[in-house]
Structure formats: structure tokens, C-alpha cells
Amino acid sequence: MIMIVTFHEELRDPMRSFLTGKGYEVCVPPHRQDVFPLIKEKSPVVVVLDMYVAEPSGLEVLKELRAQNYRGKVVALAGTSVSSLMSQAFKLGVDQVIGGFQGGGGALNFDQVESAIKTALHPDIAKRAYELYEARGRTKGNDLGDWFEAERQIIHMKTSLPSSKPTEMKAEPEKISKKPTKTKKNTP
């Protein structure tokens, strides 16, 4: 699940529609005071955090997320006007930063948002793909299938990933053909 934390409707609603259209489960806190209870309830894998939000500020939201032991990924929407905050944000565990919404006329590329989400989740997806490979008895030849399955499982999980604990999902190996595979000989 992806949580979008921004209070700019002109950014929030199109981003939600875009990500939902791409197959992501998305939640959006309806009010500022709902951010933290919704984080606890939904445990999103990624929070897309608009650093331009105020009362509380994006940096305050990030501090509180980490104080409440949120271990998921954070993709920050930021630009030059909040660049002074970004060193603190990185210390608090921002995983990706992309150019953010600037208010009057600024645009955000939603493909870039999706790319940042996938990049932030890359290590977890790689770990899960390897677990699937091992569960299939280390049978070679299904790398891409394992990757896509791991991506599907990670991105569509209902709970956040623990950063230091082993993954608790059980591997779902595919049925493996008993036919031996022929190897091609290289001829000069």
C-alpha cells in the first residue's frame, strides 16, 4: 500500500488516480490529524510525503513517523524552496527525493513518482526474489518471473516491511517441469 501525504488537492487526487490506475493500493489521510492514526492502521509500504505541507510541516511529519518506528520507505516531494530541510530529511531516512509540486503552475511527473517508489523498494524486492528462487530449489531460468512476483508481493502487501527482521511471507514456488533442459553448444 502506498500512502500519499499532501494537502494540495490539485496534486493529491491526480496522483491517487494515476497510482490506482497502475494497480497500486493507495490511501490518503483525509485531514492532517489523520496521518499518524492511518499510518498505524494501514502500515503502508511507502509514504509519498510532500515536504511542502504545513501544520505539521513535512519535516515534522517525517520526524514523527520515525519516532513512531515507521520502518517503511519514504519518497519525498521536494524542490529548491525546501532544499535547506533535506539534509535533516535524509538523516531521518528519506529513501528517494523527486521534484515536488510548486503550487502555482508547477507540475509533477507521476511516472517519476512511480519510478521513485520502485527504486525505494528495490532492495526489498531483490531480497524477496531471491527467497522465491531459493524456495524453488535454486532452479535457474525464472529470474524475471521471480522478480515480477516479488514486486507484486512487496508493492501490494498490506503491512510494512520490517527493515531488520526476516521476511515472514511464505514462498509460493511455481510448479517445476521435470523435463531436462537442453544446453546449446557454442560453435565457432
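One residue stands out in region 19-37 among those that are surrounded by fewer than 17 Cβ atoms within 10 Å (Cβ to Cβ) and within 16 Å of Asp111 (Cβ to Cβ): the one that is farthest from the chain's Cα centre (by Cα), namely Gly21.
Here's a check for you: in region 107-117, which residue that is loosely packed, with under 15 Cβ neighbours inside 10 Å and modelled with pLDDT of 85 or more is nearest to Arg152 (Cα to Cα)? The residue in question is Ser115.
Test Val48 against the criterion of being modelled with pLDDT of 90 or more and either crowded, with 19+ Cβ neighbours inside 10 Å or aromatic (Phe, Trp, Tyr) (or both), and give yes or no. Here the answer is yes, as Val48 does meet what is asked.
The condition (being at pLDDT 85 or above, part of a loop (DSSP other than H, G, I, E, B), out of contact with any Phe, Trp or Tyr (no Cβ under 9 Å at 6 or more places or on another chain) and not hydrophobic (A, V, I, L, M, F, W, C)) is satisfied by just one residue among Gly145, Gly137: Gly137.
The values are calculated or read from the model by the stated rules, or taken from the named source; none is laboratory data. Keep in mind that this is a model prediction, so the values were computed, not measured. Virtual Cβ from ideal backbone geometry, glycine too; neighbours counted across all protein chains shown.
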